[in-house]
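One structure is given here, and the rest of the page talks about it.
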Amino acid sequence: MEQHDPSASRALATRRTLEVIAAALALAFGATIILGALEYRIGWGERGPEPGYFPFWMGMIVVVGAIGALFEALFARRHADAPMAINADQARRVALFLLPMLGFLVLALIFKLGLYVAMVAYMLTVMLWQGRYRLPAALAVSFGTAAVFYFMFELWLHVPLMKGPVEAWLGIH
Amino acid sequence: MDNIGDLLHGFQVALTGYHLMLMVVGVLFGILVGVLPGLGAPNGVTLLIPLTFTMEPVSAIILLASMYWGALFGGSTTSILFNIPGEPSSVATTFDGHPMAKQGRATEALSYAFLSAAFGALFGVVVITLLAGPAATFAHKFSSPEYFAVYFLAFACFVGLGGASPFKTLVSAGMGFSLAAVGMDTISGSLRLTFELPDLIKGVSFLVAVIGLFGIGELIATMEERLEFRGVHARISPRDVLKTIAALPSYWVVLVRSSLVGCWMGITPGGPTAASFMSYGLARRFAPRTGEFGKGVPEGVIAPEAADLALGIPGSATAAVMMGGLMIWGLHPGPMLFVDQKSFVWGLIASMYVANVVAVVLVLFTVPLFAAILRIPFAIIAPLIVVVCFVSAWTVSSSPFDLWLAFLFGLIGYLFKKCEYPIAPLVLAMVIGDKAEDAFRQSMIIHGGSLGAFWSNWLCGTIMTLGFVLLLWPLVSSALQRTKSPPASAGG
């Protein structure tokens, strides 16, 4: 049961650590909901529950559940000898996946370049950097994707996606 | 029964070349909008309605109904292949459908989904044929307490003692209900849980949450394990489709029960999403292999799909748009249609039979095509799915905030997965939370704040009691088992 894979890389977080983090986050979420609910009356009036009633008790449920999960993580034997939850290798792969995704959002929403530009940049980055494709293939797929989305959403379905200065400069509306 | 005569006349209307062509076009278009998460049947209907202004009302409704069915089929496809439900009602299909695809059984899972959906739909059409009139009057009996009772029943069916820690289930369901409460409170008009953020006023869309939790969360987890989709090297042959067809009859209990659930939830306007969850919950609870649910059992695909499509009465949003269409074509929706517009109504019903067959043939032929998507290298398909997720999140309400939310939900989904928090209670709570709360408070207002409202008549009381029975069933059955065989289950 307590065997550890010798070939696995350095442990980054044990299952217990991860459980504690998750429970703490849930606790914070529940507390936030309760605070939000307290802006309204949380009682049971003559016409039934008042606006804050449901959010308040739902927040309480989350808090109770989170405290329970926290105790389970700390004291129950369930995860005491569970293998590590995440090792350095896995964390690196996840980070490498999330980073370009974050770049997509920053490019599209914070620099306000729109979805099309961000999607081309994102696809190019991932294919060249992680997929190790050659430039022509990556260019073809990323621009092809943008073109397909453009035809499908703008022209056919008439659902405009977010556009930025590049499209305006190219005269695409 | 002059229903039969009317129906035969209806078939004469439906079986013309022009109408068959409309069905094919409708189903194909429906599959497309269904495959794209975020774009659903309501959007599809909205987009098609302008095209139908110049058509005969019968032709128009045939086109729209076929599209609706195509959308539901399409929604299951992405649920199974990418764990991204294309339609809210296909969320439950992901629980077993996606594991099956990962095991290289994508063709099988897709075939089960389409066939059982078709079975459910045909079952529903038969029910409509027999009960068209009475069903409508029954639906009119529904008021707030009954609505609440139906949502309660759906939740009770689904949330039992799963494998997960009960605390984690509490956290998950509580989060879902809390998120559903964000935004405008429809009863009092107050803005709840918005924390002065203007973006939260419109609430947290359930679709955005699903896109993040399932689509992005799943991708992160896949990346971490460096698993490529295992379907990649699976042989995809039409023979698998045939084998599945041959195996389907052995699941007849699940099929019939799920179709009944679907019909019931169609008549009581609980909607396809609640129906599919409820049916999945029932299948899991009464299955001999309960523990294997969620790891890829055919029953887990069959149950939600059959319920999803039974009684093809489109979900509320789609129905609303279609109603709008009816008025534009100069028809007045309601029971009087059965008297005034006989050929329209029976043409529609007959076309449901035909469109069903058309849809199944079309999707079964394209199963190998869909399954082949899994052969695309992961370095291309993964970013492509990310793009589809973000674009879908955008189409929900054209709000940049939703994209950040989808990303955040992706991280939550990943953390949930790592720590074995169940995601399904969260999703179901988000779907029915708001409506359930509204129905509850409306009933309280009507009945002066007394909980007796839910047992004030036999219909509502029965549904509520059934809900409690189902909620407590796991406790009771495990207690019974313990008394029968005391030493068998030591520890846990």
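The values are calculated or read from the model by the stated rules, or taken from the named source; none is laboratory data. Here the structure is a predicted model, which means the values were calculated and not measured. Virtual Cβ from ideal backbone geometry, glycine too; neighbours counted across all protein chains shown. Just the protein is used for accessible areas: all its heavy atoms, side chains included, with ligands, DNA and RNA removed. Shrake-Rupley method; radii C 1.70, N 1.55, O 1.52, S 1.80 Å.
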Check your understanding: Looking only at residues in segment A:129-145 that are touching a residue at least 12 places away in the same chain (Cβ under 8 Å) and surrounded by fewer than 17 Cβ atoms within 10 Å (Cβ to Cβ), which one is nearest to the other protein chains (Cβ to nearest Cβ)?
Key -> A:Trp129
Review point. With segment B:309-420 as the region, which helices (runs of 4 or more DSSP H) entirely inside it contain at least 1 residues that are open to solvent by 30 Å² or more (accessible area, probe 1.4 Å), more than 14 Å from chain A (Cβ to nearest Cβ) and at pLDDT below 75?
Key: B:316-328, B:337-340, B:342-372
Review point. For segment B:25-133, which fully contained helices (runs of 4 or more DSSP H) count at least 2 residues that are modelled with pLDDT of 75 or more and open to solvent by 10 Å² or more (accessible area, probe 1.4 Å)?
Key: B:57-82, B:91-102
Point to revise | Filter pass, A:Ala88 being closer than 21 Å to B:Ile220 by Cα, open to solvent by less than 40 Å² (accessible area, probe 1.4 Å), more than 9 Å from every other protein chain (Cβ to nearest Cβ) and at pLDDT below 90 | key: yes
Revision key, fill the gap. Of A:Val64, A:Val117, A:Val106, A:Val126, the only residue that is at the interface with chain B (Cβ under 8 Å from one of its Cβ atoms), open to solvent by 20 Å² or more (accessible area, probe 1.4 Å) and part of a helix (DSSP H, G or I) is A:Val64
Review point. Hey, among the residues in segment A:28-42 that are in a loop (DSSP other than H, G, I, E, B) and at the interface with chain B (Cβ under 9 Å from one of its Cβ atoms), which one's most open to solvent (accessible area, probe 1.4 Å)?
Key: A:Glu39
Practice item. Check B:Asp240 against each of (1) outside any helix (DSSP H, G or I); (2) at pLDDT 70 or above; (3) open to solvent by 30 Å² or more (accessible area, probe 1.4 Å) and name the one condition it does not meet. Key: (1)
Check your understanding: Which ones in segment B:181-212 are of a type in the set (Asp, Glu) and within 11 Å of another protein chain (Cβ to nearest Cβ)?
Key -> B:Asp185, B:Glu196
Point to revise | Condition met for A:Leu157 (in contact with a Phe, Trp or Tyr (Cβ under 8 Å, 6 or more places away or on another chain) and facing chain B (nearest Cβ under 8 Å)) | key: no
